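Where a number appears in this text, it was derived from the coordinates with a stated rule and is not lab data. Just so it is clear, the structure is predicted and the values come from calculations on it, not from any experiment. For neighbour counting, all protein chains shown are included, and Cβ atoms are generated from backbone atoms with ideal geometry for every residue, glycine included.
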Amino acid sequence: MAKKQKLTAELWDKMQYLFRNYYDRMVHAVLYYDGLIDVAILKDVLVGTTEKVPVLHSSFHDSVINPYWVVEDYSVNDILTVKEVDKALLEIEIENFITQCIPVTDNVQFRMAIFNSEGKSTLCMIVNHMCFDGGDFKYFLKRLAANYTAAANGAPIIDIKTGTRSYDQVYTKLDDEDKEIARNLYKNISQVKDAHYFPLTPDSDQDKSMINRCKIDAETFSKFRKIGKHYGVTVNDLMLAVYMHSLYEYGEYPATDTVTIPCMVDLRRHIEGGETAGGLTNHTGFMQCSVEGVGKNINETLVKVLQSVRKSKHDKFMGLYSLPLLKLAYTILPYYISEIAIKIGYLNPLIGMSNIGLLDPEALSLNGLKPYDGFMTGAVKYKPYMQLALTSMNGELTMTIAIRGNHEDRLGVQKFFEIIKKNINQFIEDNAQYA
Amino acid sequence: MTERFKKYLEEAFHVIPPTKAAMDYRKATLVTLEEYAQDCRIKGVTDEDAIYNLAIESLGDFKATLIAFNDDLTNKPKRDLKKTLVKSGIACAVLAIIAVYLALSATGVVSWGASWLILVGAILLTGIAVLETIAVKIAKRRTFIVPRLANACALILAFVLAYLLALIAFGNPRYSYFTFLIMVVSVLGIDLILAYLTKSKLAIIETVLYLIIAAALIYVMCGISGALAWHPGWLLPACAAIGGIGIAVFALVRKSQKKNAPRVKKNEIAPTAQDDSYYTEW
């Protein structure tokens, strides 16, 4: 029997594996297509893609000294499920599929489902966060769509990036002097002394993974963005302000308390070649947003948010802190000890935000078949952690909160969404002259 | 607005020499002004002239700031000089110690067999100073594991130095190796004090362990030196262990009593509230 190929477990693979203590390590996407997907073509494309990216058909092996991936055999049936479903049951099927967790020891690290209902397909995908992050997930879906289109037009050549998965690509855009500084940024930025929790019930047997969703309609979101444009602020800043304001309201935090929310940052901004450089992997950092008390209205909270995020925005090393510290720990210590050491020093944020951004229907169209709706979201957080993820498509904004919880938690999250929606509408009303 | 800010800054920066640093500062100030203006707009100020004036006022006495900035630039080489002086001072000290070592040894004032301690002593003292500095610096951040470890290492170095000094001064006296047994008792003892001072959650467990280890080492030393008979001297560590367990049990009982004690609700109506004595009760 031929010896199986081994792959190096990169820094972020190990870190994401450590995060199994805080969340389910899955990244999720759902795309609703306005027609039926050709499963035969999709299967060809999936096999071609999986072949080109070995980590996607590898099992992860924990080891005391140094963990590694082992490339495994697989069939397309391990990856793809196709099912005809009743429209009334579609959302239940989607929820059931996307809330599953792929064990690290599986032969494949991503799964896809096509649910066909009333002549329309819904594509669902989950992938192990150890393989890649939201940034590369978007890239993966775009390449999948482009390769599908090419295959449908008789050009079955799979084009997907296959380069290095190493974390240190994030230094490629820096000049030698800055590179030297960046490689010495040992500061532990996870050490935030903020004990504010998102109110959730205590752990119980009824808890299960759930992905709570809420939409902001295109008209409202358009007005919201227009006001932001008038003030010269990004959607990320606006949403951070609304999120902060809503947290104080829902969590009943004292108005003068300091609340800190880490916002995920795509480190590909530091990589020469951006999203197409290297291979599929994780390149995600933190940007801390800390407000010392809530404003009387969203505008005031927005000013506080801006005053905090500007420090990060002006920092050319944004998101690059702590990487040398992690590298050092994984280099000088055996894996088992380094994981203990990092666990002691790492404080997982209790409340977070991830703006995954725009899902471009054109780029995601399968041979002309466009998605009319969809979203992406991060891992399902275990109590007491939570994160708000944002994606926009066709002018609409989808907010998701993926947590392990029970019915009461679901109701709480829905109430929180209502508060966010109320605050967005209030902000639009307060700034109506610019909408 | 940006153009108005630029114009203002172009004029203002004439008071200081046109250096590269001044240009960077000018660009940074423009960003600050623009951000201030952005904040004003979001807060609801709509009059652009008012925003401009507020932004400029936010700079305070900008002419004085610029002059201070320039002074700081010209003083920077002085700071660099200070750094160079510190580095040179360290180098000189190292050379001086080596020179003293060679001079004393070569002239026979101190024998070669003893003078090596001058070098080793200097290294150990430097190590102690560095470790204690690290301990103090990190302790300021209210994290105490590293400071306690650094402090323990510094104490170990101090004991090693003391042992070497005693070795040279008195030859190799009987029981000199006790220094290292005393070292363990002292290091753990001082660390225990630090555990209480820093309110360590493990202080009780450390107390129990300390009592057992310290008693065992004292018993060994006393036994070897004949100060205490092996029997019934063994009662010392045994009693320390029992005492330690007693302290632990007592601490646990107190903790559980505190936990179970009914909490006095601060918003509960006081029993004396019905009459005026409530208001005169102090």
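What ranking do B:Val31, A:Val170 get, fewest neighbouring Cβ atoms within 10 angstrom at the top?
Lowest to highest Cβ neighbour count: B:Val31, A:Val170.
For B:Phe170 and B:Trp234, what does the FRET efficiency come to when R0 = 35 Å and r is the distance between their Cβ atoms, rounded to the nearest 0.05?
Step by step, r from the Cβ atoms, then E = 0.65.
Anyone know which of A:Asn406, A:Asn425, A:Asn153 comes out most mobile in the 10 Å Cα GNM of chain A?
A:Asn153
What does the helix-only formula give at 222 nm for the protein assembly as shown: each DSSP H stretch with n ≥ 4 adding -39500 (n - 2.57), the total divided by the residues, and the result rounded to the nearest 500 deg cm²/dmol? Mind showing how you got there, number by number?
Details: 23 runs with 377 residues, N = 717.
After summing the helix terms and dividing by the residues of the protein assembly as shown, the value is -17500 deg cm²/dmol.
Provide the convex hull volume over Cα atoms per residue for the protein assembly as shown, in Å³. Write down the numbers at each step before the final one.
Values: hull volume 224.3 nm³, N = 717.
Convex hull volume per residue, Cα atoms: 313 Å³.
Which of A:His245, A:His270 has the fewest other C-beta atoms within 10 Å, and how do the rest follow up to the most? Intermediate results must be reported in sequence, preceding the final value.
Numbers: A:His245 28, A:His270 23.
By the 10 Å Cβ count, ascending, the order reads A:His270, A:His245.
So if we plug the beta-carbon distance of B:Val136 and A:Asn188 into 1/(1 + (r/R0)^6) with R0 = 22 Å, what FRET efficiency do we get, rounded to 0.05?
Working: r = 20 Å, r/R0 = 0.91.
Once rounded, the FRET efficiency stands at 0.65.
Give a residue-ordered list of calculated ³J(HN,Hα) values for the stretch B:167-180 (Karplus: 6.51 cos²θ - 1.76 cosθ + 1.60, θ = phi - 60°; whole Hz; x for Gly, Pro).
Computed from phi, the couplings for the stretch B:167-180 are 4, 6, 6, 10, x, 10, x, 4, 6, 4, 5, 4, 3, 6 Hz.
Mind giving me the nanometre distance, one decimal, between the label points for B:Phe69 and A:Lys343, set 7 Å out from Cα along Cα→Cβ?
For the pair B:Phe69/A:Lys343, the computed spacing is 5.0 nm.
Could you derive backbone 3J(HN,Hα) for the stretch B:191-197 from the dihedral phi with the Karplus parameters 6.51, -1.76 and 1.60 (θ = phi - 60°), listing whole Hz in sequence and x where the residue is Gly or Pro?
Result, rounded to whole Hz: 5, 5, 4, 4, 4, 6, 4.
I'd like the Karplus ³J(HN,Hα) series for the stretch A:310-321: coefficients 6.51, -1.76, 1.60, θ = phi - 60°, whole numbers in Hz, and an x wherever there's a Gly or Pro.
Using θ = phi - 60°, the values come out as 4, 4, 6, 5, 7, 8, 6, 9, 3, x, 8, 5 Hz.
Rounded to the nearest 20 Debye, what is the dipole magnitude of the stretch A:6-152 about its Cα centre when Lys and Arg each give +1 and Asp and Glu each give -1 at the C-beta? Can you show the working numbers first?
On the way: 13 positive and 20 negative charges, 70 e Å.
Its charge dipole is roughly 340 debye.
Is chain B rounded, prolate or oblate when judged by the Cα gyration tensor, a ≥ b ≥ c being the square roots of its eigenvalues, rounded requiring a/c under 1.5 and prolate requiring a/b larger than b/c?
Values: a/c = 4.77, a/b = 1.36, b/c = 3.50.
Taking the square roots of the gyration eigenvalues as a ≥ b ≥ c, chain B is oblate.
Under the rule of at least 5 residues apart or a separate chain, name every residue whose amide H is placed under 5 Å from the amide H of A:Asp133.
Amide H neighbours of A:Asp133, under 5 Å, 5+ apart: A:Thr281, A:Asn282, A:His283.
Report the label-to-label distance for A:Ala363 and B:Asp49 in nanometres (one decimal), using points 7 Å from each Cα along the Cα→Cβ vector.
Each label point lies 7 Å from its Cα, and together they span 4.7 nm.
Under a 5 Å amide H to amide H cut-off, with H placed in plane at 1.01 Å, what residues pair with A:Thr81 once short-range neighbours are removed?
Sorted by chain and number, the residues that satisfy this are A:Met112, A:Ala113, A:Ile114.
For A:Lys370 and B:Glu10, what does the FRET efficiency come to when R0 = 51 Å and r is the distance between their Cβ atoms, rounded to the nearest 0.05? Before the final figure, lay out the partial values.
Details: r = 51 Å, r/R0 = 1.01.
FRET efficiency, A:Lys370 to B:Glu10: 0.50.
Fewest first, what order do B:Leu81, A:Leu280, B:Leu167 take by the number of other Cβ atoms within 10 Å? List each step's numbers first, then the result.
Details: B:Leu81 11, A:Leu280 24, B:Leu167 15.
Taking fewest neighbouring Cβ atoms as first place, the list is B:Leu81, B:Leu167, A:Leu280.
Rounded, prolate or oblate: which one fits the stretch A:6-152, using the alpha carbon gyration tensor with axes a ≥ b ≥ c (rounded when a/c is under 1.5, else prolate when a/b beats b/c, else oblate)?
prolate
Just the number, please: percent antiparallel of the DSSP beta bridges in the protein assembly as shown, rounded to the nearest 5.
Working: 54 of 68 bridges.
So the antiparallel bridges amount to about 80 percent of the total.
Put +1 on the Cβ of every Lys and Arg and -1 on every Asp and Glu Cβ in chain A; which of A:Ser58, A:Phe115, A:Tyr167 then has its Cα farthest towards the positive end of the dipole?
Ranked along the dipole, the leading option is A:Tyr167.
Averaged over all directions, how much area does the convex hull of the C-alpha atoms of the stretch B:8-131 cover when projected, in nm²?
Details: hull surface 51.7 nm².
So the Cα hull casts an average projection of 12.9 nm².
Which shape class applies to the stretch A:264-417: rounded if a/c is under 1.5, otherwise prolate when a/b exceeds b/c and oblate if not, where a ≥ b ≥ c are the square roots of the Cα gyration tensor eigenvalues? Show your work: numbers first, answer last.
On the way: a/c = 1.39, a/b = 1.17, b/c = 1.19.
In terms of gyration-tensor shape, rounded.
Between their Cα atoms, which of A:Lys187/A:Lys343; A:Lys193/A:Lys229; A:Lys43/A:Lys381; A:Lys52/A:Lys343 are more than 27 Å away from each other?
Working: A:Lys187/A:Lys343 16 Å; A:Lys193/A:Lys229 33 Å; A:Lys43/A:Lys381 31 Å; A:Lys52/A:Lys343 34 Å.
With Cα atoms farther than 27 Å apart: A:Lys193/A:Lys229; A:Lys43/A:Lys381; A:Lys52/A:Lys343.
Separation between the A:Asp203 and A:Asp430 pseudo-spin-labels, each 7 Å from Cα along Cα→Cβ, expressed in nm?
It is 3.9 nm.
Check which residues have an amide H placed less than 5 Å from A:Gln288's amide H, if you skip close sequence neighbours.
Residues meeting the criterion, in which the H sits 1.01 Å from N, are A:Cys263.
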